[in-house]
1. If each Cα of the stretch 237-280 is one equal point scatterer, what is log10 of I(q)/I(0) from the Debye formula at q = 0.17, 0.26 Å⁻¹?
2. Please compute the alpha carbon radius of gyration of the chain, then divide it by the globular-protein estimate 2.2 N^0.38 Å. Two decimals is fine.
3. By how many degrees, 0 to 90 and rounded to 10, does the Cα axis of helix 177-186 deviate from the longest principal axis of the chain?
4. What's the longest piece of the chain with no exposed GluC sites (Glu not before Pro), counting a site as exposed if DSSP puts it in a loop and it has at most 16 other beta carbons within 10 Å?
5. Which percent of the Cα-Cα distances in the stretch 35-131 go past 21 Å?
6. What dipole magnitude, in Debye to the nearest 20, does the stretch 132-197 give about its Cα centre under +1 on Lys/Arg Cβ and -1 on Asp/Glu Cβ?
7. Please check: in the Gaussian network model of the chain (C-alpha springs, under 10 Å), which one of Pro31, Pro97, Pro251 has the largest mean-square fluctuation.
8. Grab every C-alpha pair in the stretch 140-235, bin the distances at 5 angstrom width from 0 up to the longest one, and report whole percents.
Amino acid sequence: VPELPEVETIAADVRPHLTARVVVAARVLRPDVLRGVGRARFERALAGRLVTAVRRRAKHLVLELDDEHRVVIQPRMTGSLIVRDAGPPRRTAARDPYDVLHIDLDSGARVAYRDVRRLGAIFLLDPPAWARYDAAIGPEPLEAAFTAERLAAILGRAGLAVKKALMDQRRLAGVGNIYANEALWLAAVDPSRPASSLRADEVERLHRAVVGTLARSIRGRGTTVRDYRTGTGQPGTFQGRLAVYQRAGRPCPRCGGGKRIALTHAIDGRATYFCPGCQH
Ligand SMILES: [Zn+2]
């Protein structure tokens, strides 16, 4: 599941290939991923346009075009954007059966959106639609404006479990199940605690943990537990550095041999990994 660090990695990989390039042709191979726009209008809207920027917002990729429209790609479970260099002529190049969208650029490169289970979604948004989309998502945790005070304000209003609050994209952008589990363990906070019950020192630890674990994962090019690949088609490396996620039954890295990582589905039906020893 691509979360903030994985989408950030993909954006960084494809950015140099897309930015300041003209789209020669866009082809939608699987139109069922389009939302609010049909294949013909989408392809026409991209053809001949200059890509002015490639950004990430929450867990989504945003391609900005010179007419102020944005292509927003939500990779959700199994989607990824990949650069395929010019290489051999198209008709002889092997076809990836999971390709959903091809964007051919004036450099000769092709950027492909591929999605194994096609649970992802692609939007074409004009400026007002983008403003609404952006406003519905919470603050970016790696921006300077995201302080411990800001996190305290987010959690203070929430009576639900702190883990659920962290993962709620309307409250905070980009954190999903992997990094919520990791951050709560790092901060030694019980994931099931009501968000509003955290003391100031706990919120401060949690803030440091969220920012730290996301930043370290970006440096490791993200976490590959199954399908995630970077923009160059490689797996990430952060899966080797996870403390609790998918590590049920292993000794807690902080408590040592005495305590083992536990797994519960009591919070929102999602897999929650925690140490019963140090996350009180
Ligand atoms: Zn522990």
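1. Listed by q, the Debye log ratios stand at -0.45, -0.91.
2. 1.07
3. Result, in degrees: 40.
4. 144-280
5. Of all Cα-Cα distances in the stretch 35-131, 33 percent exceed 21 Å.
6. It comes to approximately 280 debye.
7. Of Pro31, Pro97, Pro251, the Gaussian network model singles out Pro97 as fluctuating most.
8. Per 5 Å bin, starting at zero, the Cα-Cα P(r) for the stretch 140-235 comes out as 2, 14, 25, 26, 16, 8, 6, 3, 1 percent.
The values are calculated or read from the model by the stated rules, or taken from the named source; none is laboratory data. Fair warning: this is a prediction, and the values are worked out from it, not measured in the lab. All Cβ positions, even for glycine, are placed from backbone atoms using ideal geometry, and neighbour counts span all protein chains on display. Just the protein is used for accessible areas: all its heavy atoms, side chains included, with ligands, DNA and RNA removed. Shrake-Rupley method; radii C 1.70, N 1.55, O 1.52, S 1.80 Å.
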